[in-house]
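Engineer: A single structure is presented below for examination.
The values are calculated or read from the model by the stated rules, or taken from the named source; none is laboratory data. Source: prediction; values computed, not measured. Cβ placement follows ideal geometry from the backbone for every residue including glycine, while neighbour counts extend to all protein chains displayed. Accessible surface is based on the protein model in full, side chains and every heavy atom, while ligands, DNA and RNA are left aside. Shrake-Rupley method; radii C 1.70, N 1.55, O 1.52, S 1.80 Å.
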Amino acid sequence: MRPLVPPHIETLKPYVPGKPIEETEREYGLTNVIKLASNENPLGPSPKAIEAMRDAMRKVHLYPDASSYPLVRRLAEHLEVKPEELVLGSGSNELIELLIRTFTTPEEEVLLCQGSFPAYRISTQAHGRPFAEVPMKEGHRYDLEAMARAINPRTRMVFIANPDNPTGTTFGRREWEAFLAQVPEHVLVVHDEAYFEFVDWPEYFSAVEYFRKHPNVVALRTFSKIHGLAGIRLGFGVMDARLAGYLQRTRMPFNLTIPAQQGGLAALDDTEHVRRTKELNLEGLRYYEVELPKLGAKLTESRGNFVLADFGRPAGELYELLLRKGIIVRPMAGNGYPTSLRISVGTAEENARCVAALKEVLG
Ligand SMILES: Cc1ncc(COP(=O)(O)O)c(C=O)c1O
């Protein structure tokens, strides 16, 4: 009998998302469960976005504006780019899919960093594209020099998460420019900036500053993190207008819902929510950096809204014990970090609950 699917689908391991709160409460008979597992915004959605989305619900019998015209204009103004240099997606995840689908062939290779965000590999494999993975260097950092050396004549696209997920490690402008100088023009460099707004480091940069000089550079951003709109699915890419034009051909016309478009518009205006979220996150990062090493954990240098903590013992076990205490974190064994948990920054109270629970289960 013919196989139902080609080998690259047969061998595909699905993405494992963070465990939902409701499921955990049901399974463990708990209430008041907290989730620090998916790098979401502990302050919730921007209140302005909530209001706009409520209003948008009255119009959902209509198809959305296929061009997301007002949101594209507003975003372009916000980023100081042209509307035709923007492509919106159902989360930045959709942009990852579209980029692979549009710009690579099954003969071309995608270059990835081992142990980084798994969606790149899943999308690449789902499209039947070959890929190569370059290990990280010390401190769980992207090794851009090794990645530049790994580019071969078949390489067509490189995915880079900066800050990285799940390590949170970040590289600066100098490393990036040295890398770009070595990448041939026909190789697309996708710089995923999902945690851009959280970074408080003068060396950091955005690929938005680079795509004009280097038209092979693409910046990806999302409303899922700082704006607290993960559940509405809204992300975007900034790139050379010619590249954007091809993505506009391959994307589905109604990929953004009406609430997503309206919510996004309102969230962009809510600078106060962004400011509060960033401040809360920096405090939470500092708290984890002080408290978790006291429990014997080694942390990577994270500039995202989460930490990767190595407890030196099987992460799955620790994860289970925390679940029983109503704390959902993310065990990273499946991503190549067998003894590490990724813990998102929550509210001060949630962070303290997580540390207290860890103390108990480790004690
Ligand atoms: C590095 C990175 N890129 C992209 C995403 C996906 O974001 P979105 O919700 O916009 O699809 C995430 C989400 O966790 C991420 O960590």
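Engineer: Report the residue count in segment 216-235 for those that are near the ligand (Cβ under 9 Å from one of its atoms), within 30 Å of R156 (Cβ to Cβ) and not small (G, A, S).
Structural biologist: So the answer is 7.
Engineer: Please list, ordered by first then second residue, the pairs with beta carbon atoms under 7 Å, 6 or more apart or interchain, first in segment 173-200 and in contact (Cβ under 8 Å) with a residue 12 or more places away in the chain and surrounded by 13 or more Cβ atoms within 10 Å (Cβ to Cβ), second among the charged types (D, E, K, R) and in a helix (DSSP H, G or I).
Structural biologist: Correct list of pairs: E197/K278; F198/K278.
Engineer: I would also like to ask the following. Can you give me the ranges of the strands (runs of 3 or more DSSP E) entirely in segment 104-170 with at least 2 residues that are surrounded by 23 or more Cβ atoms within 10 Å (Cβ to Cβ)? Can you show your working first?
Structural biologist: Values: elements: 109-113, 131-134, 155-161.
It comes to 109-113, 155-161.
Engineer: If a residue must be more than 15 Å from V190 (Cα to Cα) and touching a residue at least 60 places away in the same chain (Cβ under 8 Å), how many such residues does segment 242-252 contain? Show your work before the answer.
Structural biologist: Residues of segment 242-252 that are more than 15 Å from V190 (Cα to Cα), as a first pass: 242, 245-246, 248-252.
Those still in the list that are touching a residue at least 60 places away in the same chain (Cβ under 8 Å) too: 245-246, 248-251.
Final tally of qualifying residues: 6.
Engineer: What number of residues in segment 252-269 are within 16 Å of the ligand (Cβ to nearest atom) and either open to solvent by 40 Å² or more (accessible area, probe 1.4 Å) or more than 22 Å from V60 (Cβ to Cβ) (or both)?
Structural biologist: First, the residues of segment 252-269 that are within 16 Å of the ligand (Cβ to nearest atom): 252, 255-257, 259-261, 263-264, 267-268.
From what is left, the residues that are either open to solvent by 40 Å² or more (accessible area, probe 1.4 Å) or more than 22 Å from V60 (Cβ to Cβ) (or both) are 252, 257.
Qualifying residue count, segment 252-269: 2.
Engineer: Please verify whether K225 is farther than 29 Å from R149 by Cα and in a loop (DSSP other than H, G, I, E, B), treating the condition exactly as stated. Spell out how you get there, then give the answer.
Structural biologist: On the way: farther than 29 Å from R149 by Cα: yes; in a loop (DSSP other than H, G, I, E, B): yes.
Answer is yes for this residue.
Engineer: Please verify whether segment 132-146 includes one or more residues that are more than 22 Å from Y337 (Cβ to Cβ) and more than 16 Å from the ligand (Cβ to nearest atom).
Structural biologist: If we filter segment 132-146 for residues that are more than 22 Å from Y337 (Cβ to Cβ), which is where we start, we get 145.
This time we only want the ones that are more than 16 Å from the ligand (Cβ to nearest atom), so: 145.
Within segment 132-146, one or more residues are more than 22 Å from Y337 (Cβ to Cβ) and more than 16 Å from the ligand (Cβ to nearest atom).
Engineer: Report every pair of residues separated by at least 6 positions or lying on different chains whose Cβ atoms are under 7 Å apart, first residue within segment 321-342 and over 14 Å from A356 (Cα atoms) and in contact (Cβ under 8 Å) with a residue 24 or more places away in the chain, second surrounded by fewer than 22 Cβ atoms within 10 Å (Cβ to Cβ) and among the basic types (K, R).
Structural biologist: Correct list of pairs: T339/R313.
Engineer: May I pose another question? Residue by residue through segment 78-99, note down the ones that are among the charged types (D, E, K, R) and either open to solvent by less than 70 Å² (accessible area, probe 1.4 Å) or in contact with a Leu (Cβ under 9 Å, 6 or more places away or on another chain) (or both).
Structural biologist: At the first step, the residues of segment 78-99 found to be among the charged types (D, E, K, R) are 80, 82, 84-85, 94, 97.
Of everything in segment 78-99, those that are among the charged types (D, E, K, R) and either open to solvent by less than 70 Å² (accessible area, probe 1.4 Å) or in contact with a Leu (Cβ under 9 Å, 6 or more places away or on another chain) (or both) turn out to be E85, E94, E97.
Engineer: What number of residues within segment 25-52 satisfy the criterion of being within 16 Å of the ligand (Cβ to nearest atom), modelled with pLDDT of 95 or more and either of a type in the set (D, E) or closer than 20 Å to L265 by Cα (or both)?
Structural biologist: Going through segment 25-52 one residue at a time, the tally reaches 5.
Engineer: Residues of segment 285-303 being of a type outside the set (S, T, N, Q), closer than 20 Å to E197 by Cβ and in contact with a strand residue (DSSP E or B) (Cβ under 9 Å, 6 or more places away or on another chain), which ones? Full working, then the answer.
Structural biologist: Let us first name the residues in segment 285-303 that are of a type outside the set (S, T, N, Q), namely 285-299, 301, 303.
Adding the requirement that they be closer than 20 Å to E197 by Cβ leaves 285-289, 301, 303.
Passing the criteria: L285, Y288, E289, E301.
Engineer: crowded, with 23+ Cβ neighbours inside 10 Å and in contact (Cβ under 8 Å) with a residue 12 or more places away in the chain: does that describe A230? Steps first, answer last, please.
Structural biologist: On the way: crowded, with 23+ Cβ neighbours inside 10 Å: no; in contact (Cβ under 8 Å) with a residue 12 or more places away in the chain: yes.
Here the answer is no, as A230 does not meet what is asked.
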